[in-house]
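*Asks:* One structure is given below, represented as structure tokens, and several questions about it will come after.
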Amino acid sequence: MYQTEAPHINGKFLYYAFIAGGNRILQNQVEINRINVFPVNDNDTGTNLASTVRSVIDNIKPHRSYKTTVNNIADAAMTGARGNSGVIFAQFLHGLSRETLNKTSITLPEFADSVKRSIPYIYEAISNPVEGTMLTVIKEWSDFLTAKKEAIHDFKNVIIDSFAVLEKSLAETTVKLKALQKSGFVDAGAKGFVLFIRGIIDFIKNRNIRNLVFESGEKISLVHTEEVSTEEIEYRFCTEAIIRNVNVTRSDIQKILVDNGDSVVVAGSANMCRIHVHTNHPAELFHRLKDMGTITFQKVDDMVRQQEAVVRRKWNIALVTDSTCDLPQELIDYYQVHVVPLNLNFGDNHYLDKLTIQPDQFYDLLETYPEFPKTSQINEQSFTNLYSHLASHYDAIIGIHLTGQFSGTYANSVKAGKRISKEFNKPVHIIDSKTLSGSLGLLVLKAARNIEAGESLESILDTIEKDIVQSKIFVSVRDLKYMIKGGRVSKPTGIIAKTLGLNPVISMDENGKSTLFGKTFSQESSLNKIFRHIKEISTGKSVWNYIILHAHNPGGALEAEEKMTEMTGLKPVSTVDISPVIGMHAGNGAIAISILFDN
């Protein structure tokens, strides 16, 4: 801790000081969001900085060594950084850790030197550094500390006095940054940093650790503001990733990002970097980046959907699903459905289903990559962040997810929904569809149309539960090797089936478990079996609609569509390439038919 007789900063002092600063950001994220104008009017700078400091608060513990603590803070911030401002702040902390001497405690001159030497790290990370932002404020704060660094016995007052410099620098951002002049606001990221130092100064003055521990232990949701600009967003997706084992220069990565969008930041070290870019084609971007290192984390926020929720929402009930919901993008966009992606891994490389990997890229990797891909559920925090945002703007939230038998996604959504419902005092209803893919798509589409029709929340929920019973999916598998590799079929059973030339038909039972519906000796025969069964179960029923799905087999899908149109007298809602996380098990060439009957 800080001692008057020995003016050194140790690890515990730094730990509690960071918590004090971080709590100040968490408490003021609404105000920071409100003034967010630059670089994009998406009003989430407070949310992003809050997420970044939350990653540190949740993941590190006090340690007596200053060097160990600053390293731990930097690593946690870099891992949890979110948004342009969050990544820049994390890069500042990264520079601080790199430029700190390997000591248990440091003096004011050593601290001032490490702050000053961290400045180039920030400027080097940004493809187009702009003055009048967080960059300028940190730099001018650093200049003040450097000028006062010889006052080694007056550390407390030097830090306290530095706040006047921060306030002056912050006020000047309105003039220095052209984008702010019209609004009259100060830069949101810069204000976040000033608030962070304000929290540290209050801790230096009061030293009330008990209050800090209480505040840091509270689970503060990410809060979003109502005031979002209606200006057109040029680049739709705020895209971030962590790349490890980097085998190219940072300038090589920076050039690719600049070619694909704007708001480019490449933070981190030579071996591990955190990237941030606004782009319209995240899948194409990551396809180019995949050979430049190991992509261990990705995050993509749809800024258009975020903006719609605040100022362009069509209805007051938000509809959420996951990426196993197979609907065409135009319907998802029209009904403003919020889709959360499942995680997909090829070896150590991480992707987001349908966002950072598209079917064409997926099936190429499926055929060429030596290891079979793995999927992982959407975590609770992802849903908490989304539901916090939606609860700020909608009267109610409905989430419909893939069967809970296949993934913990539904369970995590339920946990997040309960938390947000309690915090915002708004209804959040999470539903296990007991199905997936096209059947999930039909359930979501019908719920969306009922929302559009102005039905009550209770009526919509009642209809969804009835529709779950009336939804069916049948999958014709062309090649069993994918189900064997993925463990859906045991190797001995698979070998026997392949030897006999069997083509299974997979369906879902009433509990949401996959079931073997039948087996034939060709895909043509299995499809005919599906058509006969659909005809049988359609007797006395009315078909609401259906979806044709395929795994890289458009020709087979077209034939199935023609047959179903002939049988039902209806054209399908759509014919789509099945979600990669479903296609990996059904395998290349699979054809599926999802159908929903009227109640």
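The values are calculated or read from the model by the stated rules, or taken from the named source; none is laboratory data. All values reported here derive from a predicted model rather than from experimental measurement. Cβ placement follows ideal geometry from the backbone for every residue including glycine, while neighbour counts extend to all protein chains displayed.
*Asks:* Would you check which residues across the stretch 444-456 are in a helix (DSSP H, G or I) and among the charged types (D, E, K, R) and list them?
*Replies:* Lys446, Arg449, Glu452
*Asks:* If you don't mind, there's one more thing I want to ask. Failed condition for Ala20, given (1) more than 30 Å from Met303 (Cβ to Cβ); (2) modelled with pLDDT of 90 or more; (3) surrounded by fewer than 22 Cβ atoms within 10 Å (Cβ to Cβ), with all others met?
*Replies:* (3)
*Asks:* Filter the stretch 281-333 down to the residues that are among the basic types (Lys, Arg) and out of contact with any Asp or Glu (no Cβ under 9 Å at 6 or more places or on another chain), then identify the one that is surrounded by the most Cβ atoms within 10 Å (Cβ to Cβ).
*Replies:* So, considering only residues that are among the basic types (Lys, Arg) and out of contact with any Asp or Glu (no Cβ under 9 Å at 6 or more places or on another chain), the one surrounded by the most Cβ atoms within 10 Å (Cβ to Cβ) is Lys290.
*Asks:* Being among the polar types (S, T, N, Q), surrounded by fewer than 16 Cβ atoms within 10 Å (Cβ to Cβ) and in contact with a helix residue (DSSP H, G or I) (Cβ under 7 Å, 6 or more places away or on another chain) is the filter here, so list the residues in the stretch 128-162 that pass it.
*Replies:* Of everything in the stretch 128-162, just one residue is among the polar types (S, T, N, Q), surrounded by fewer than 16 Cβ atoms within 10 Å (Cβ to Cβ) and in contact with a helix residue (DSSP H, G or I) (Cβ under 7 Å, 6 or more places away or on another chain), namely Thr146.
This table checks each residue for (1) in contact with a Leu (Cβ under 7 Å, 6 or more places away or on another chain); (2) surrounded by 20 or more Cβ atoms within 10 Å (Cβ to Cβ); (3) at pLDDT 90 or above; (4) not assigned by TED's automatic domain parsing to the domain that holds Asp301.
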site: Ala171; (1), (2), (3), (4): no, no, yes, yes
site: Ser183; (1), (2), (3), (4): no, no, no, yes
site: Phe196; (1), (2), (3), (4): no, yes, yes, yes
site: Asn208; (1), (2), (3), (4): no, no, no, yes
site: Asn211; (1), (2), (3), (4): no, no, no, yes
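*Asks:* So in the stretch 334-369, with the set limited to residues that are buried (at least 17 other Cβ atoms within 10 Å of the Cβ) and of a type in the set (S, T, N, Q), which one is farthest from Ser323 (Cα to Cα)?
*Replies:* The selected residue is Asn349.
*Asks:* Let me ask something else. Give the number of residues within the stretch 398-443 that are assigned to a strand (DSSP E or B) and farther than 29 Å from Gly583 by Cα.
*Replies:* 1
*Asks:* Can you name the number of the only condition in (1) surrounded by fewer than 18 Cβ atoms within 10 Å (Cβ to Cβ); (2) part of a strand (DSSP E or B) that Glu536 fails?
*Replies:* That leaves (2) as the condition not met.
*Asks:* Of the residues in the stretch 416-454, how many are under 21 Å from Trp315 (Cβ atoms) and polar (S, T, N, Q)?
*Replies:* Total meeting the criteria: 4.
*Asks:* On to the next question. Filter the stretch 555-599 down to the residues that are among the polar types (S, T, N, Q), crowded, with 17+ Cβ neighbours inside 10 Å and part of a helix (DSSP H, G or I) and list them by number. First the steps, then the outcome.
*Replies:* To start, the set of residues in the stretch 555-599 that are among the polar types (S, T, N, Q) comprises 565, 568, 574-575, 579, 588, 594, 599.
If we keep only those that are crowded, with 17+ Cβ neighbours inside 10 Å too, we end up with 568, 574-575, 579, 588, 594.
Selection gives Thr568 alone.
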